[in-house]
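First up is the structure itself, then whatever we jot down about it.
No lab work stands behind these numbers, since they all come straight from the coordinates. Because the structure is predicted, anything quoted here is derived from the model rather than measured. Here the Cβ positions follow ideal geometry from the backbone for every residue, glycine too, while neighbour counts run over all protein chains shown.
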Amino acid sequence: MTLISLGGTIASTAAAHGTGVVPQLGAKDLLDTVAGALNDVEVDVVTALRVPSGDLSLDDVVGLARDVREHLEHGAHGAVVAQGTDTLEEVAFALDLLVRSDRPVVVTGAMRHPSDVGADGPANLLGAITVAASPSARSLGVLVALSDEVHAARFVRKTNTTNVSTFASPTTGPIGRVAEGLARIYLRPPRLYDAVDVARIDRVPPVLLFSCAVGDDGRLLERVSDLGYMGVVVEGFGGGHVPAIMVQRLGELAARVPVVLASRTGAGDVLASTYGYDGSERDLLGRGLISAGFLDGRKSRVLLSLLLGAHADAAEVANAFARVHRSATTAR
Ligand code: ASP
C-alpha cells in the first residue's frame, strides 16, 4: 500500500502560538499517528506536496495520477491520498478518470488539524487505509473515506465549512462505512466509461466554471475567448436553465468552444426534455450545449478540462460526457 500526502488540514501545524496552522507534516508523520493500529498492513510513504488544497492545479493532479498508477503497477495493493478537504472532491474525481485501476484508491483528509481537540485526521487516515486494504473495495473506482463513511468520487461533495461529517453524496448517499476495523461496502457503482487517456495529456487548459445567479445577464461570457478559456461549464438553475437574456451568447459561444450545461443544485441529472421556454434545457441543448448528465459543475469542469488537455475535439467531448453519464446510470 502507498500513502501519498499533499498537505491540507490533516498535515497542518502552527509554527508558533497564535499564528494559524499551515501544511507542514509529511506522509511519514501522518502514518506515525496510526502506526499502532495498522495490524499487518504495510504502507510506503511519499510526501508529494505540503500545500493547502486550493493551491493544487489540475496539472498537479495529472502528475499525481501518473504516480499512483506507477505505484499500483509496481505492486502496491492500493493507494491512499491524504490532502486538504477544500478541493478533495475534484482531485478524487480527476483520479477516478485518470488512474483506471481495479486496485483501491482512496482519498482522505481532516476537518480538524492535529492539535485541535478531537482531531479527526488519524481516524480518517486509518479508515482510508482500511478501505484501500480491503478486497471489497476493488473495482469501485476512486473512493473518498472520511468520518467512517465511504463515498464514490463521482458523487461526493464537501457540504459544510467545519462539520467533520462534511462529505456527502447528495444524489446517492454513501456506498459504504468503516466499522470495527472493516470496510463494509453496501453499493457497488458501475465502472465509469474510460473517457480520458492520461498518456495524451501534456497541459490542462483553462476552463471557466460559470454559475448562474438571479438577475445576472451573463456579460462575463462575452470575454471567454479573450481571457483564453478553452471551454465553459455553465451551472444553470434547477434542472439546467439560464435567464433568456443569456441564450444567444451561450449559443454563439457553443459554436466556438465546448459549453457544458450542469445544475447549480449539486444533485440529480440535468433535464433533457421537460421545459421548452428560452433558456430551458431543451433550448440550450438544441443550441449545442452538452449535458453534464449526473455530474455537478465542478466535476464537469474536471472532465472537460482533462478531455481538452488530452486534445479531444468538440464531438469527442460530447461523446465522452454522454458515455460517462450512461456508464454510471441505468435510466430507461
Ligand atoms: N484549507 C484546507 C485545505 O483544503 C482545508 C482542509 O484540509 O480541510 O487544504
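How long are the semi-axes of the ellipsoid equivalent to the range 75-212, from square roots of 5 times the Cα gyration tensor eigenvalues, in whole Å, largest first?
They are 23, 20, 14 Å, listed largest first.
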Problem set entry | Cut-off 11 Å between beta-carbons: net charge of the residues surrounding Val150, Lys and Arg +1, Asp and Glu -1 | 0
Exercise. Out of residues 5 or more away from Gly231 or on other chains, whose amide H comes under 5 Å of its own, with H placed 1.01 Å from N in the peptide plane?
Worked result: Leu208
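Apply the Kirkwood formula to the range 1-44: the hydrodynamic radius equals the inverse of the mean of 1/r over all pairs of different alpha-carbon atoms; give it in Å with one decimal.
11.6
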For this session: For the range 1-152, evaluate the Debye formula with one uniform point scatterer on each Cα (no solvent term) and list log10 I(q)/I(0) at q = 0.11, 0.16 Å⁻¹, rounded to two decimals.
Result: -0.36, -0.77
Exercise. With the chain treated as a Gaussian network of Cα nodes joined by springs under 10 Å, which of Gly240, Gly141, Gly118 yields the largest mean-square fluctuation?
Worked result: Gly118
Exercise. Separation between the Ile245 and Thr19 pseudo-spin-labels, each 7 Å from Cα along Cα→Cβ, expressed in nm?
Worked result: 4.9
Problem set entry | Share antiparallel - DSSP beta bridges, the chain, percent rounded to 5 | 35
For this session: Post the alpha-carbon centroid distance, the range 225-277 to the range 98-158, in whole angstrom.
Result: 32
Seminar exercise, completed: If one compares the long axis through the Cα atoms of helix 314-328 with the longest principal axis of the Cα atoms of the chain, the angle in degrees, nearest 10, works out at 50
Problem set entry | Low-density loop positions, trypsin sites (Lys or Arg not before Pro), the range 163-238 - DSSP coil, at most 13 other Cβ in 10 Å | Arg191, Arg203
For this session: Would you mind ranking Lys158, Lys28, Lys299 by Cβ crowding within 10 Å, fewest neighbours first?
Result: Lys28, Lys158, Lys299
Seminar exercise, completed: Expressed in angstrom and ordered largest first, the alpha-carbon extents of the chain along the principal axes are 61, 47, 34
Exercise. Between exposed GluC sites (Glu not before Pro) in the chain, where DSSP calls loop and at most 12 other Cβ atoms lie within 10 Å, what's the longest gap?
Worked result: 181-332
Exercise. From the phi of every residue in the range 286-296, what ³J(HN,Hα) in whole Hz does the Karplus formula 6.51 cos²θ - 1.76 cosθ + 1.60 yield, where θ is phi - 60° and glycine or proline is x?
Worked result: x, 8, x, 6, 9, 6, 6, x, 8, 6, 6
Exercise. In what order do Phe210, Phe237, Phe93, Phe167 fall by count of nearby beta-carbon atoms within 10 Å, going from fewest to most?
Worked result: Phe237, Phe210, Phe167, Phe93
Exercise. Sorting His17, His325, His151 on the 10 Å Cβ count, fewest up front, what's the list?
Worked result: His17, His325, His151
